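Below is one structure, written out as C-alpha coordinates; the observations come after it.
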Amino acid sequence: MKALKEILSWIVPIAIGLLAALLIKNYVFQLVRVDGPSMQPNLENNERVLVSKRSTIHRGSVIVFEAQGVDPQVTTSTDYVKRVIALPGDTVSSKNGVIYVNGKKTDQSYIGTSERTTGTGNWNLQSISVENQWQKNQGATKVPKGEYFVLGDHRSVSNDGRYWGFVPKNKILGVVKVPFWNRDATKKANINTFWKSYFDN
(Lines give C-alpha, C1' and ligand atoms only; values in the text may rest on other atoms or scores of the structure.)
Protein backbone atom coordinates (compact mmCIF):
# COMPACT_ATOMS: atom_id res chain seq x y z
CA MET A 1 0.00 0.00 0.00
CA LYS A 2 2.84 2.38 0.83
CA ALA A 3 4.44 1.71 -2.55
CA LEU A 4 1.12 2.41 -4.30
CA LYS A 5 0.76 5.72 -2.47
CA GLU A 6 4.27 6.71 -3.50
CA ILE A 7 3.53 5.87 -7.13
CA LEU A 8 0.27 7.80 -7.04
CA SER A 9 2.02 10.75 -5.38
CA TRP A 10 3.93 11.44 -8.61
CA ILE A 11 1.51 10.00 -11.18
CA VAL A 12 -1.48 12.13 -10.09
CA PRO A 13 0.34 15.51 -10.37
CA ILE A 14 1.66 14.53 -13.80
CA ALA A 15 -1.82 13.51 -14.95
CA ILE A 16 -3.31 16.76 -13.65
CA GLY A 17 -0.57 18.76 -15.34
CA LEU A 18 -1.13 17.01 -18.67
CA LEU A 19 -4.88 17.53 -18.42
CA ALA A 20 -4.40 21.22 -17.59
CA ALA A 21 -2.02 21.64 -20.55
CA LEU A 22 -4.52 19.95 -22.87
CA LEU A 23 -7.37 22.16 -21.67
CA ILE A 24 -5.26 25.31 -22.06
CA LYS A 25 -4.24 24.29 -25.60
CA ASN A 26 -7.81 23.51 -26.66
CA TYR A 27 -9.64 26.38 -24.96
CA VAL A 28 -7.23 29.19 -23.96
CA PHE A 29 -4.09 29.51 -26.10
CA GLN A 30 -1.41 27.55 -27.89
CA LEU A 31 2.01 28.20 -29.38
CA VAL A 32 2.29 27.85 -33.17
CA ARG A 33 5.08 28.26 -35.73
CA VAL A 34 4.68 30.54 -38.73
CA ASP A 35 5.44 28.60 -41.92
CA GLY A 36 6.33 30.64 -45.01
CA PRO A 37 6.77 34.32 -45.94
CA SER A 38 3.13 35.35 -46.51
CA MET A 39 2.93 37.57 -43.39
CA GLN A 40 6.26 39.38 -43.78
CA PRO A 41 7.45 41.83 -42.58
CA ASN A 42 5.27 41.51 -39.49
CA LEU A 43 5.62 37.77 -38.95
CA GLU A 44 8.64 35.87 -40.21
CA ASN A 45 9.02 32.29 -41.40
CA ASN A 46 9.61 29.94 -38.41
CA GLU A 47 8.62 32.60 -35.89
CA ARG A 48 6.75 31.34 -32.81
CA VAL A 49 3.54 33.14 -31.87
CA LEU A 50 0.76 32.63 -29.35
CA VAL A 51 -2.77 31.97 -30.56
CA SER A 52 -5.51 33.17 -28.22
CA LYS A 53 -8.60 30.95 -28.45
CA ARG A 54 -10.93 33.41 -26.74
CA SER A 55 -10.07 36.73 -28.38
CA THR A 56 -12.69 38.57 -30.44
CA ILE A 57 -11.96 38.73 -34.17
CA HIS A 58 -11.79 42.28 -35.57
CA ARG A 59 -10.89 43.74 -38.94
CA GLY A 60 -7.09 43.76 -38.79
CA SER A 61 -6.84 40.74 -36.50
CA VAL A 62 -4.28 38.15 -37.52
CA ILE A 63 -5.74 34.67 -37.23
CA VAL A 64 -4.69 31.04 -37.52
CA PHE A 65 -7.12 28.71 -39.26
CA GLU A 66 -7.35 25.18 -40.61
CA ALA A 67 -6.83 25.49 -44.38
CA GLN A 68 -8.08 22.03 -45.30
CA GLY A 69 -11.58 22.54 -46.64
CA VAL A 70 -10.89 26.25 -47.23
CA ASP A 71 -8.08 26.20 -49.81
CA PRO A 72 -8.97 23.50 -52.38
CA GLN A 73 -5.27 22.75 -52.93
CA VAL A 74 -4.80 21.65 -49.31
CA THR A 75 -5.53 17.96 -48.80
CA THR A 76 -4.07 17.41 -45.32
CA SER A 77 -4.44 19.26 -42.02
CA THR A 78 -2.55 22.56 -42.47
CA ASP A 79 -2.70 25.81 -40.52
CA TYR A 80 -2.62 29.18 -42.33
CA VAL A 81 -1.81 32.56 -40.74
CA LYS A 82 -3.53 35.56 -42.39
CA ARG A 83 -4.96 38.99 -41.58
CA VAL A 84 -8.73 39.55 -41.42
CA ILE A 85 -9.70 42.27 -43.87
CA ALA A 86 -13.48 41.96 -43.81
CA LEU A 87 -16.10 40.53 -41.43
CA PRO A 88 -19.38 38.73 -42.19
CA GLY A 89 -21.70 40.99 -44.20
CA ASP A 90 -18.91 43.37 -45.32
CA THR A 91 -18.21 44.42 -48.90
CA VAL A 92 -14.52 44.67 -49.81
CA SER A 93 -12.60 45.87 -52.86
CA SER A 94 -9.13 47.05 -53.84
CA LYS A 95 -8.30 49.93 -56.15
CA ASN A 96 -4.91 51.54 -56.82
CA GLY A 97 -3.41 50.21 -53.60
CA VAL A 98 -6.36 51.18 -51.39
CA ILE A 99 -8.62 48.57 -49.81
CA TYR A 100 -12.20 49.65 -49.20
CA VAL A 101 -14.42 47.88 -46.69
CA ASN A 102 -18.07 48.93 -46.86
CA GLY A 103 -16.96 51.82 -49.05
CA LYS A 104 -14.46 53.17 -46.51
CA LYS A 105 -10.69 53.28 -46.94
CA THR A 106 -8.83 50.97 -44.55
CA ASP A 107 -5.48 51.64 -42.88
CA GLN A 108 -2.69 49.54 -44.38
CA SER A 109 0.29 51.26 -42.78
CA TYR A 110 1.50 47.87 -41.54
CA ILE A 111 2.79 47.02 -45.07
CA GLY A 112 4.87 48.84 -47.69
CA THR A 113 3.67 50.69 -50.77
CA SER A 114 4.60 47.91 -53.23
CA GLU A 115 2.52 45.36 -51.31
CA ARG A 116 -0.43 47.75 -51.11
CA THR A 117 -0.33 48.46 -54.85
CA THR A 118 1.24 45.88 -57.16
CA GLY A 119 1.04 43.14 -54.55
CA THR A 120 -2.65 43.63 -53.83
CA GLY A 121 -4.10 44.34 -57.25
CA ASN A 122 -7.41 45.86 -58.34
CA TRP A 123 -10.55 43.81 -57.69
CA ASN A 124 -13.83 43.31 -55.87
CA LEU A 125 -15.18 40.08 -54.41
CA GLN A 126 -17.24 39.25 -57.46
CA SER A 127 -14.38 39.79 -59.93
CA ILE A 128 -11.80 37.71 -58.03
CA SER A 129 -14.31 34.93 -57.38
CA VAL A 130 -14.89 34.57 -61.13
CA GLU A 131 -11.27 35.17 -62.16
CA ASN A 132 -9.92 32.55 -59.74
CA GLN A 133 -12.84 30.14 -60.16
CA TRP A 134 -13.70 29.80 -56.49
CA GLN A 135 -15.33 26.47 -55.75
CA LYS A 136 -17.64 28.16 -53.21
CA ASN A 137 -19.42 31.54 -53.22
CA GLN A 138 -18.53 32.37 -56.81
CA GLY A 139 -20.17 35.68 -57.70
CA ALA A 140 -20.43 36.80 -54.05
CA THR A 141 -20.63 40.55 -53.48
CA LYS A 142 -20.47 40.39 -49.67
CA VAL A 143 -18.67 38.25 -47.12
CA PRO A 144 -21.16 35.48 -46.21
CA LYS A 145 -22.63 35.13 -42.73
CA GLY A 146 -20.28 33.31 -40.35
CA GLU A 147 -17.24 33.74 -42.64
CA TYR A 148 -14.24 36.08 -42.98
CA PHE A 149 -12.14 37.49 -45.83
CA VAL A 150 -8.38 37.33 -45.24
CA LEU A 151 -5.17 38.46 -46.92
CA GLY A 152 -1.49 37.92 -46.20
CA ASP A 153 0.66 40.99 -45.45
CA HIS A 154 3.20 39.97 -48.11
CA ARG A 155 0.51 40.28 -50.77
CA SER A 156 2.74 39.61 -53.80
CA VAL A 157 3.45 36.04 -52.61
CA SER A 158 0.49 35.27 -50.34
CA ASN A 159 -1.96 32.50 -51.19
CA ASP A 160 -5.05 33.99 -49.54
CA GLY A 161 -8.75 34.80 -49.85
CA ARG A 162 -8.28 36.37 -53.28
CA TYR A 163 -7.68 32.90 -54.71
CA TRP A 164 -10.06 30.63 -52.77
CA GLY A 165 -12.62 32.78 -50.96
CA PHE A 166 -13.70 32.96 -47.33
CA VAL A 167 -12.76 31.37 -44.00
CA PRO A 168 -15.65 29.87 -42.01
CA LYS A 169 -15.64 30.74 -38.31
CA ASN A 170 -15.52 27.07 -37.33
CA LYS A 171 -12.15 26.74 -39.09
CA ILE A 172 -10.51 29.53 -37.04
CA LEU A 173 -8.22 28.38 -34.22
CA GLY A 174 -7.70 31.82 -32.70
CA VAL A 175 -6.12 35.26 -32.87
CA VAL A 176 -2.34 35.71 -33.03
CA LYS A 177 -0.57 37.46 -30.17
CA VAL A 178 3.13 38.30 -30.66
CA PRO A 179 5.16 37.01 -27.67
CA PHE A 180 7.38 39.22 -25.54
CA TRP A 181 10.59 37.58 -26.74
CA ASN A 182 10.41 39.34 -30.15
CA ARG A 183 12.88 42.03 -29.10
CA ASP A 184 14.66 42.97 -32.36
CA ALA A 185 14.39 46.76 -32.91
CA THR A 186 13.15 46.54 -36.49
CA LYS A 187 10.80 43.78 -35.47
CA LYS A 188 9.41 45.85 -32.61
CA ALA A 189 8.78 48.77 -34.96
CA ASN A 190 6.85 46.48 -37.31
CA ILE A 191 4.92 44.97 -34.40
CA ASN A 192 3.93 48.43 -33.10
CA THR A 193 2.44 49.27 -36.51
CA PHE A 194 0.94 45.78 -36.67
CA TRP A 195 -0.89 46.21 -33.34
CA LYS A 196 -1.90 49.83 -34.07
CA SER A 197 -3.84 48.48 -37.04
CA TYR A 198 -5.31 45.75 -34.83
CA PHE A 199 -6.57 48.07 -32.12
CA ASP A 200 -7.76 50.78 -34.53
CA ASN A 201 -10.19 48.23 -35.90
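The values are calculated or read from the model by the stated rules, or taken from the named source; none is laboratory data. Since we're looking at a predicted model, the values are computed, not measured. Glycine also receives a Cβ, built like all others from the backbone with ideal geometry; neighbour counts cover every protein chain displayed.
Annotation note: Cβ proximity below 7 Å between a residue of segment 33-48 that is part of a strand (DSSP E or B) and a residue that is not basic (Lys, Arg) (sequence gap 6+ or interchain) occurs for Arg33/Asn46; Arg48/Leu31; Arg48/Pro179. From the list Leu50, Leu43, Leu87, the lone residue that is assigned by TED's automatic domain parsing to the domain that holds Asn132, modelled with pLDDT of 85 or more and farther than 26 Å from Gly119 by Cβ is Leu50. Checked against (1) out of contact with any Asp or Glu (no Cβ under 8 Å at 6 or more places or on another chain); (2) part of a strand (DSSP E or B), Arg83 passes all but condition (1). Here Ala67 meets the list (1) over 17 Å from Lys171 (Cα atoms); (2) out of contact with any His (no Cβ under 8 Å at 6 or more places or on another chain) almost entirely, failing just condition (1). Can you confirm whether segment 94-102 contains a residue that is within 19 Å of Asn159 (Cβ to Cβ) and either surrounded by fewer than 19 Cβ atoms within 10 Å (Cβ to Cβ) or at pLDDT 90 or above (or both)? The answer is yes, given that some residue of segment 94-102 is within 19 Å of Asn159 (Cβ to Cβ) and either surrounded by fewer than 19 Cβ atoms within 10 Å (Cβ to Cβ) or at pLDDT 90 or above (or both). Report whether or not Thr78 is within 18 Å of the chain's Cα centre (by Cα) and loosely packed, with under 14 Cβ neighbours inside 10 Å. Considered against the rule, which asks whether it is within 18 Å of the chain's Cα centre (by Cα) and loosely packed, with under 14 Cβ neighbours inside 10 Å, Thr78 comes out as no.
Within segment 87-96, the residues that satisfy the criterion of being within 21 Å of the chain's Cα centre (by Cα) and not in a strand (DSSP E or B) are Leu87, Pro88, Gly89, Asp90, Thr91. Of all residues in segment 57-72, those satisfying the criterion of being in contact (Cβ under 8 Å) with a residue 12 or more places away in the chain, under 22 Å from Lys136 (Cα atoms) and surrounded by fewer than 17 Cβ atoms within 10 Å (Cβ to Cβ) are Gly69, Pro72.
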